[in-house]
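As structure tokens, the structure follows; a few thoughts come after it.
The values are calculated or read from the model by the stated rules, or taken from the named source; none is laboratory data. Treat the numbers as computed from the prediction; the structure is a model and nothing was measured. Every residue, glycine among them, receives a Cβ derived from its backbone with ideal geometry; neighbour counts consider all protein chains shown. Just so you know, the surface numbers come from the protein's heavy atoms only, side chains and all, with ligands and any DNA or RNA stripped out. Shrake-Rupley method; radii C 1.70, N 1.55, O 1.52, S 1.80 Å.
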Amino acid sequence: MTRPSAPGPPGETVAALGEFALIDRVVARAGVARATEVGPGDDAAVVRTPDGRVVATTDVLVEGRHFRRDWSTGLDVGHKAAAANLADVAAMGAVPTALLVGLACPGDTPTAWLEAVADGLAAEAGPLGAAVVGGDTVASAPDSGAVVLSVTALGDLGGRRPVLRSGASPGDVLALAGRLGWSACGLAVLRRGFSSPLAAVRAHRRPEPPYAAGPAAADAGATAMCDVSDGLLSDAGHLADASGVVVDVDAAALAAATLEPPGPLQQVGAALGVDPLRWVLTGGEDHALLATFPADATLPPGWSVIGAVRAADGDPGVRVDGRPAAEVAAGLGAGGTGHAHFG
């Protein structure tokens, strides 16, 4: 990863700097992707694909919905924007290779803040061998005043088959890698005007997806997999629908995997009168990985069994200890089964 260039002068804005000078600043912070043959500077980048197939995914972060500048630094936002996409690549069983970034922002956006976003993108992608290889910038609508980041991530399967949501079969076990509920807990803290416990707040600002767990799961024979971005119940529902099965979460096993040993979730939950299992089941933006494996598979390190896959005797869906997911969520006061992008 390249060393970040010196920031622009204090008070400098995007409008004062100009589009092409801004691009030069961002490119100077982009880092280097191992798979890049032609990087930023031409009409398009050229990224090597040793596998012959390209995994591609796009995610959009909108100021006011996915981040707030008074809660998160530009560095935080860069980390978060990269993580949301890199986790999707890992969920296919692939290794990230490159990022493309589209940016819309008001003209009075400080260049120092955007430079920090670029540093965050590079810092999150760099350890994986990926980097920003191109993108575009544009002024956002004058009446919105919001920053919008659209990030596309590319990945390489390395000879593996892609692990889809549609491969789960009755008799498989359901397993989790990564943490759940931390981002939602941190968001609850921030919404009440506090900034501690820092571990929970940091989890909301900078999620920590278990990137290596995706390819490892593919190598271990995972039958289905997805990134948990919208909440466990919601994303398990996508997997269940795609596979035509019932996914039954074992609440005790889930609690053992996510709430032991006790930590910030219990601390904040006790202070706010919230069952931390609510955040674990319905909170979004942790970007853990959820997968199904044959019952006799040896799970890779970092994966924990949290349930089972059963045949659907009616509609496919999610259960928690045999109870419908919506019923469980309502009992926890969650008001739904996951993070909502609209509404």
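How large, in percent, is the carbon and sulfur part of the accessible surface of segment 62-177 at a probe radius of 1.4 Å? Roughly 60 percent, rounded to a whole number. Rounded to the nearest 0.05, what FRET efficiency do TRP71 and ALA139 have when you use their Cβ-Cβ distance and R0 = 22 Å? Calculated transfer efficiency: 0.40. Please name whichever of ALA329, PRO316, GLY273 sits farthest to the positive end of the charge dipole of segment 245-343, dipole taken about the Cα centre and charges placed at Cβ: Lys and Arg +1, Asp and Glu -1. Sorting the options by dipole projection puts first GLY273. Legend: calculated FRET efficiency, THR49 to THR298, from the Cβ-Cβ distance at R0 = 22 Å, rounded to 0.05, equals 0.15. Assuming charge only on the beta carbon of Lys and Arg (+1) and of Asp and Glu (-1), the dipole of segment 134-195 about its Cα centre is about 320 debye to the nearest 20.
All other residues whose Cβ lies under 15 angstrom from that of ALA153 are scored, Lys and Arg at +1 and Asp and Glu at -1, for a net of -2. Where (i) 23, 33, 25, 12, 7, 1; (ii) 31, 55, 14, 0; (iii) 33, 61, 5 are the candidate values, the label of the one calculated here for P(r) over Cα pairs in 20 Å bins from 0, in percent is (ii).
Can you give me the % of accessible surface on segment 234-319 that is carbon or sulfur? Probe 1.4 Å, all protein chains present, nothing else counted. Reported share for carbon and sulfur atoms: 51 percent. Helical runs (DSSP H, four residues minimum) scored at -39500 (n - 2.57) apiece and divided by the length of the chain put the mean residue ellipticity at 222 nm at -9500 deg cm²/dmol.
By DSSP, the beta bridges lying fully in the chain are antiparallel in about 75 percent of cases. Accessible area per residue for the chain is 42 Å², calculated with a 1.4 Å probe on protein heavy atoms, without ligands, DNA or RNA. Measuring between their Cα centroids, segment 260-321 and segment 34-71 lie 29 Å from each other.
Among complete DSSP H helices in the chain, those whose alpha-carbon atoms stretch at least 20 Å along the helix's long axis and whose mean Kyte-Doolittle hydropathy reaches 0.5 are 74-91, 111-125.
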